[in-house]
Amino acid sequence: MFRATLKSLLARKVRLILSGLAVVLGVMFVSGAFVLTDTLGRSFDQVFADAYEGVDVNVSAKPKVAVGETEGEQVTAPVPGAVLQQVRGVPGVAEATGVVASDGALLIGSNGKAVTSFGPPQLGENWLGEDDVVKLREGREPRADTEIVVNAALAQAAKVKVGDRVGVLTLAPRQNFTLVGVFGYSGGRDSVGGVNEVAFTTPVAQQLMLGKKDTFTNIRVRAADGVDDAALRDDVARALGDGYQVRTGAQESAAASAGLKEGLSFFNKVLLGFAAVALLVGTFLILNTFSIIVAQRTRELALMRAIGASGRQIVGSVVLEAVAIGLVASVLGLGAGIGVGALLAYLFGKLAGGLTLAGLGVPAAAVIGAFAVGLVITVVAALLPALRAARIPPIAAMQDVATPDRPLTRVTVGGALVTAVGAVLLFLGLTDNAGDRTLPTILGGVLFTFIGVALLTPLISRPVVTLLGSLFAWSVPGKLGRLNSGRNPRRTAITAAALMVGIALVTGVTVILDSAKGSITRLAQDRISAELVIAGPQGGPRPPSFDPAVLERAAAIPGVALVDGEYGDLAVVNGEKTFVGASSDPTALTRVFGAKRVAGDISRLGPDQMLFSADTAKSRGVQVGQQVTVQPSRGEARTYTVSGIYESSQLTNPAVVPVAAAKDFRIPKPIQGYVQLAPGARVADVQPQLDRLLADSPEVSVADRDAFIKQQTSQLDTPLTMIQILLALAIVIAVLGIVNTLALSVLERTRELGLLRAIGLRRAQTMGMITVEAVVISVFGALLGVVVGTGLGAAVVRALKDEGITDLVLPWGRMGVFLLLAAIVGVVAAVVPAIRAARINVLGAIAHD
């Protein structure tokens, strides 16, 4: 039986390659994700090991507000200069150096634009001199307060050279400096981890990056000869008390690397999620392939039963084929995954500004995951056809026709039950009734929904396919193609279901994001009463800001009735992290954003008062007249009295404090400005004058309200594009499924095709018949995906109603594009099977058994 199985497998190499290819692509994603995160993780370890080389102990102040990975940028509390002297006095300290290194120093390039990066910080720091790692390549160190040096990567990106006058944006408005030096790093590196660095003299770095002189971000300590790092760390910690975080250099390096790895783990989960989608689609393909093969081998398997093979041996035969395919696909997928992981790591390093990658590594998780996933998915997908094969009666060997299709009752009932389970899980997850398991519950609901709909698909495939096929029924090939596509509902359904998954996910995400854009746009157009908005791109962890003096100058422009500058910060309010805002004009809350009073007075704000949105007040349990404590990112905590509560809105902050408190915010400058014009004033007259005021803030621009809204909502297009690209893999696998189904169908109908050719069907008509069959199946799958995706998207939008997504927007144009692309996919998928069908030898096909 083993030898017979191997011979059968080798005889069907081509028809099984496509099934194996689906597993290869899914395994590639799984192994590639692990290879990528392992390579980048070790690269970050090396980066921070270099950064803390020569540091035995590091001292930093505990942050005022602990910021999570998804909450923004961590702001380090400054260390007073007196602490530096205290550390120097600890026994065992050979040297202690005060360091200023804070994100937010943007160099203005030769083109007049600020140099930015995709992720790595833009450090402003004090020049500490050359050492074993940092070396000047050109020029000299900064000696005067008007001089700076930059690293080689930043000099190249900005296209500046020693001797140039360059502008730098920091906490303060733009200031111009003379570039007196360019430095690099050991090993010929232009940067460490893609970080751009601008180094000032120490007093200037303290003032521009920390807002106060005689302060540092941290203190680096070198131990005296013979002093243990851990022992010195403990001595320094005892001397400074609980207000400071004291770690060895190795601990600091590991902690910094762990923070970035946490973000990588999220990225890894995203890639594994897309791998799961690809494997789900591949499961449909493999299931269909083995179902067709078992159907084609009915007489062969029945003969085996007739000559003594048991049902267990028949099952073992089919499963053995699946194991062989799974093993080969796992090996190929692992190899492809290693290549993809290496490529993605290389691209990540380039986008990160030249991250030096550690050697490519293949972790055990990649190998184990590849073989576990490849084998399990293939065997599970083949198990049902294998059980069906075991039930083939020996008498079937004496029949010319395989057993007829079974009734759809059981599969329909099963599909209805599975779909109901998916609906319940989605309801629990989307209505916050799943506790701490919200995300797994939603993902489980989506999975069960897809499987349930796939099981229900045979019930509706015949009528829908017949309807779609009627569009081509004006010709003989069209009629034959329509009849063929509806001949086997199960086969058609599984093939279409594979395409449905990818289309449904893309459609669902599109519905959600388009609805979010539509809701934000309508709310902004209805509520924002400002003709002009001053802002830069708001998508990064550090939004662009501008000089507060611009607000006063803008208010003096003829035709301007109101100017409001908006500040923001993540603060701790009564022990809970809350985003707080501040307005240069407190009346803007009602005059610009249309906020409505719920309690108290929201038309003004005293120096010791603050306002809350209704939702935040309810969740925090605060009322008008109550005192609350607010700890901003910098400075000391302060107590305010709640003077008013306003209606919650997506356009207003959860809480508002006086503008004087903004000096202790993470960014103590306005990040947005709103300008109302007096009656009769024209935007075209005022906007150019505002543009001139922002000449020193190249990241910030002035736009009319509609352009600003469009700019902000367009940020949702980026994640949509990324999702569409990643889900394209699932659609590619679905296309392979259509090719596989048609190719196997052509083999199955060899004799039938020969008879059709014998009675006059030309080669072109034969190809047309196969193409119509492919197009009908493909469009059916896309139509099913559009319907299911729209339903899932609408359910999510309904669940997010309280989060501000109130408008359901259906992307009719994109849905039409999906259906059109599905038709094109059908044509492409039919090319090889159609050519093969057209080349069938007529006499040989008629004699085919």
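Here the spin labels are modelled as points 7 Å beyond Cα on the Cα-Cβ line, and at residue 678 and residue 650 they lie 3.5 nm apart. Of 127, 474, the sequence from fewest to most neighbouring Cβ atoms within 10 angstrom is 474, 127.
Would you mind getting me the FRET efficiency between residue 721 and residue 819? Use the beta-carbon distance for r and R0 = 25 Å, nearest 0.05. Intermediate values should be presented prior to the final figure.
Working: r = 20 Å, r/R0 = 0.80.
E(calc), rounded to 0.05, equals 0.80.
The distance between label points at residue 225 and residue 424 comes to 7.5 nm (points 7 Å beyond Cα on the Cα→Cβ vector).
What would the Debye equation give as log₁₀ I(q)/I(0) for segment 54-260 at q = 0.08, 0.13, 0.18 Å⁻¹, counting only Cα atoms as equal point scatterers? Taking Cα atoms of segment 54-260 as identical point scatterers yields -0.28, -0.75, -1.34. Between residue 88 and residue 525, residue separation times 0.36 nm minus the direct Cα-Cα distance comes to 151.4 nm.
Which aspartates and glutamates, on any chain, are close to residue 135 with Cα under 17 Å apart, when same-chain ones fewer than 8 places away are left out? Cross-link targets: 50, 53, 125, 190, 197.
Computed from the Cβ-Cβ distance with R0 of 45 Å, the FRET efficiency linking residue 431 to residue 707 stands at 0.75. A cut-off under 14 angstrom between Cβ atoms defines the neighbours of residue 713, and their net charge, with Lys, Arg +1 and Asp, Glu -1, is 0.
As an exercise, find the ratio Rg/Rh for segment 36-141 from alpha-carbon atoms, using the Kirkwood inverse-distance average for Rh. Write out the running numbers ahead of the final one.
Working: Rg = 16.9 Å, Rh = 17.2 Å.
Rg divided by Rh gives 0.99.
Averaged over residues, the count of other Cβ atoms within 10 Å places the peptides 199-210, 645-656 in the sequence 199-210, 645-656, highest first.
The length gained by stretching the chain between residue 347 and residue 812 to full extension, at 0.36 nm per residue less their Cα-Cα distance, is 163.9 nm. The P(r) of segment 547-693 has a tail past 28 Å containing 21 percent of all C-alpha pairs. Checked against a 28 Å cut-off, the cross-linked pairs 64/212; 161/663; 113/801 give Cα-Cα distances beyond that limit for 161/663; 113/801.
Between beta-carbons, use under 11 Å as the cut-off and find the net charge around residue 839, counting Lys and Arg +1, Asp and Glu -1. Before the final figure, lay out each step's value.
Working: positive: 757, 763, 836; negative: none.
Counting the neighbours of residue 839, the net charge comes to +3.
Dipole of segment 547-693 computed with +1 at Lys/Arg Cβ and -1 at Asp/Glu Cβ about the Cα centre; of 622, 651, 588, farthest Cα towards the positive end is 622. Note on residue 136/residue 556: beta-carbon distance plugged into 1/(1 + (r/R0)^6) with R0 of 35 Å gives a FRET efficiency of 0.15.
As a test of understanding, state the convex hull volume per residue of the chain from its alpha carbons, in Å³.
So the per-residue Cα hull volume is 206 Å³.
By the Kirkwood approach, averaging reciprocal distances over each pair of separate Cα atoms, segment 104-161 gets a hydrodynamic radius of 12.7 Å. Estimated from helices alone, the mean residue ellipticity of the chain at 222 nm is -18500 deg cm²/dmol (sum of -39500 (n - 2.57) over DSSP H runs with n ≥ 4, per residue).
Under 15 Å from the Cβ of residue 94, count the other residues' Cβ atoms, weight Lys and Arg +1, Asp and Glu -1, and hand me the total.
-3
Every read-out reported here was derived from the displayed coordinates using simple, explicitly stated rules and does not represent laboratory data. Bear in mind the structure is a predicted one, so any value in this text is a computation, not a measurement. As a convention, Cβ positions derive from the backbone with ideal geometry for all residues, glycine included, and neighbour counts pool all protein chains shown.
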